[in-house]
Structures are given as structure tokens and as C-alpha cells.
Amino acid sequence: MSALAAEHGAINLGQGFPDFPMDEELAVLAAKAITDGHNQYAPMAGYMPLREAIAAKIQRCYGNSFSPSDNITITPGGSYAIYTAFTTILQPGDEVIVFEPAYDSYIPNIIANGGIPVRIPLEFPTYKINWEKVKNAITSKTKAIIINSPHNPTGSVLAHEDILILQDLLRDSSIFLISDEVYEHLVFDGLMHNSILKYPELFSRSFVCFSFGKVYNCTGWKLGYCVAPSALTAEFRKIHQFDAFCCFTPTQVALATHLQKEERYLQLSCFMQQKRDLFLHEMKNSPFTMLQSSGSYFVCATYEKLGKMPAMELAIQLTKKIGVATIPVAAFYADGNDDQVLRFCFAKRDETLQEAAKKLSGIACMADVFQ
């Protein structure tokens, strides 16, 4: 969809990346790290001052202490951390419970490692987990469950009650948990992010994955980290050692300093919620019905007023004819399940959101899409 948007000069509300500058101070720190000579290999597990800064941040945010040496590994992005976690634990034939719609790397990661994805649909249109279905899906072959909150693509978030149910389900099992928390600081409407790092019993079986790109609006840096118990971290690093080995040093040095300024990440929810609210306001007169988004970069919408066109077809035509690119949520289901929902990324400049909403609000009927 991004390529199609570029081809047709469309506003890109599809792919999840900001169109505004990253934090200028962080950019300056990265440039300084380069000129100061931080250009050689960092330690395999990551630049120690950065790991120490992450541990301090976790203590401030989630109230638990973790060892920079034994629990935290810097990775080239959150997706890499997730893939490496799967590679660490999976053997051919192992089953992994995945909730759909799912971020598009999960199922390929499982299959590439010889695993079998067991797909459970989230409840439409709230995109909540039906825990009874999870209980019924667990078998002797279940090796892991992967969760994602705040959720991409839907913007739903897991409540404290959800985490407690999950904890009860896993208590007497040997099932691992992979928790994708790359949008941890993008939670709206006064809700809290219920990180697995807050739940020691669950953490004891978990790989918890994060992304600096989503926190500091620098997705192209591809830098993240994984927090796991020491025994799991040791196994995780056996894969990491011979895959990436280490990550780009200058950005690690820059983030080690920048991460100490907690106001920079604590203000992100308010900043991004304002963008969500602006987009929702501007879309009030459009033919789209906006669904609830409680976190992430994204909000989804149905389009009953425009008829029953498949979401992929509508997304393509909106890009070509209206000049706004979106992502069909059907693309996040392995079987292409189509509830006729589109995903919009609101991590954009205000003027970008206003212009996109103006174009979309000008659609009166399906004929306008095919003009």
C-alpha cells in the first residue's frame, strides 16, 4: 500500500510510521555519538549504559527490578526480538496460540521455526480476547502464546483482568509467553499499560519485546530490546550472538542519555491521543464508522454506508481515486477474514490528518470511489 500510495501521490495513512521529525535532541545526541567515535562494535547484549537506563526506566514505570546484565538484550528492532524469542523456544511441531488480526510477522515467524500457528480470532468489533476459546485451544503441544498490547492493527489494550486470567491459565503449565509491547507508551483515555513486567509470575516464563522506534518516532532506527528471565535470556543470546551479534552503536549511546529524561516518553500518550482525537473529529462527517482505539498508532473503521465491497478492493480504490492509502484489516488474518474494516495510521502531522479526512469525508457513495 505504501508503494501504491507513492505511485499515485496519495496521503499514506497505511504503514505505521510518522511523517513528522523525530525528537531533535535525540538526533543531535546520535550525531554527537558518531563524531565522538562510538562507531565500533557494541557488546553483543548491548551498550551497558543503555541497558542500565532501561532497567531504571522499568523500575520507574512498572515497579520491578531487572538486571541489565542478565535480563536485558538490545536488538535490531522489536520484530527481531520477537523472531529470536520464537527461534529460542520452538521445535518442529510445537503449537503457538496467536490472536487475529495479528501483526504480520507472527505467523511467518512461527512457521519458519517449524511451529504450528493456532489462530484464535479476537471478538469483533471490540477486538477483545475470548479466554474460553484460549482455554479450549491449549493442548499438550502448546509451546507458547503471543500477546500484543496495545494492539496492532486494532488499537485495543489488555486490561488487568485479562492478564490475571492469562496468569491463571498458564500457572500449572510449561507454556512460554511472548509479549509484544512496542506501543507501551501510547495508551489513551487514562488507561494504563499492563506490562507483563508488572507480573512476576507471568514474567518467569516470558520474553517481553519493545521498540525504541515507536517510542521516539524513529522507526527507521530499527532498535529495540527484549527483557526475559536470566535462563531464557542466556538461550535468547545464543541465537542473537550468531544472527545480528550486535546493534548500531551510535544510536545506543544516544538513547542511553536520552532515556534518562522520563518526560520524553511519559508525554507520548497525550501527544498521540491528541492526534487520534483530531482525526476522529475530522472524520465525523465521513461515511466511515470509527471503532474504539485505546492505544498504538492506529484506529480502525467500518464502511457499511458504502456497501459490501471487500476491504482490499476498497483500500486500493481509495488510494488510486481518492488519494488516501489505508490498510485492510483482512490482511492481518491468515485466511483473509474480511469484516470490512480498514486501518488508519494517525501518527502523522495535523495537516496530513486534516487533508486525508477532508478527502475521505468528500465520499458520498461508492460511485465516488470509482469516479
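Every read-out reported here was derived from the displayed coordinates using simple, explicitly stated rules and does not represent laboratory data. These numbers come from a predicted model, not from an experiment. No Cβ is skipped: glycine too gets one built from the backbone with ideal geometry, and neighbour counts run over all protein chains shown.
Quick test for you: out of F236, F279, pick the one residue that is under 30 Å from G37 (Cα atoms), touching a helix residue (DSSP H, G or I) at 6+ places or on another chain (Cβ under 9 Å) and buried (at least 17 other Cβ atoms within 10 Å of the Cβ).
On the way: F279 fails: under 30 Å from G37 (Cα atoms).
Only one candidate qualifies: F236.
Looking at K275, is it touching a residue at least 12 places away in the same chain (Cβ under 8 Å), in contact with an Asp or Glu (Cβ under 8 Å, 6 or more places away or on another chain) and not acidic (D, E)?
yes
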Exercise. Report the residue count in region 187-239 for those that are in a loop (DSSP other than H, G, I, E, B) and hydrophobic (A, V, I, L, M, F, W, C).
Key: 6
Quiz item: So, of the residues in region 248-276 that are surrounded by fewer than 16 Cβ atoms within 10 Å (Cβ to Cβ) and not aromatic (F, W, Y), which turns out to be farthest from L26 (Cα to Cα)?
Solution: Q274
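Any residue that is at negative phi, assigned to a helix (DSSP H, G or I), within 22 Å of the chain's Cα centre (by Cα) and not β-branched (V, I, T) - is there at least one of those in region 29-47? Quick ask: steps written out before the conclusion?
First, pick out the residues of region 29-47 that are at negative phi: 29-36, 38-45, 47.
Now drop any that are not assigned to a helix (DSSP H, G or I), which leaves 29-35.
Still in the running and within 22 Å of the chain's Cα centre (by Cα): none.
No, because not a single residue in region 29-47 is at negative phi, assigned to a helix (DSSP H, G or I), within 22 Å of the chain's Cα centre (by Cα) and not β-branched (V, I, T).
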Quiz item: Looking at E52, is it more than 17 Å from F212 (Cβ to Cβ) and surrounded by fewer than 20 Cβ atoms within 10 Å (Cβ to Cβ)?
Solution: no
Exercise. For region 1-42, enumerate the residues that are over 30 Å from A356 (Cα atoms), surrounded by 14 or more Cβ atoms within 10 Å (Cβ to Cβ) and out of contact with any Cys (no Cβ under 7 Å at 6 or more places or on another chain).
Key: L29, A30, K32, A33, I34, H38
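Only one residue in H160, H193 is more than 24 Å from A331 (Cα to Cα) and touching a His at 6+ places or on another chain (Cβ under 9 Å), so which one is that? Steps first, please.
Values: H160 fails: touching a His at 6+ places or on another chain (Cβ under 9 Å).
Answer to the check: H193.
Take the residues in region 85-112 that are among the charged types (D, E, K, R) and in a loop (DSSP other than H, G, I, E, B), then tell me which one is nearest to A331 (Cα to Cα).
Ranking the candidates gives D104 first.
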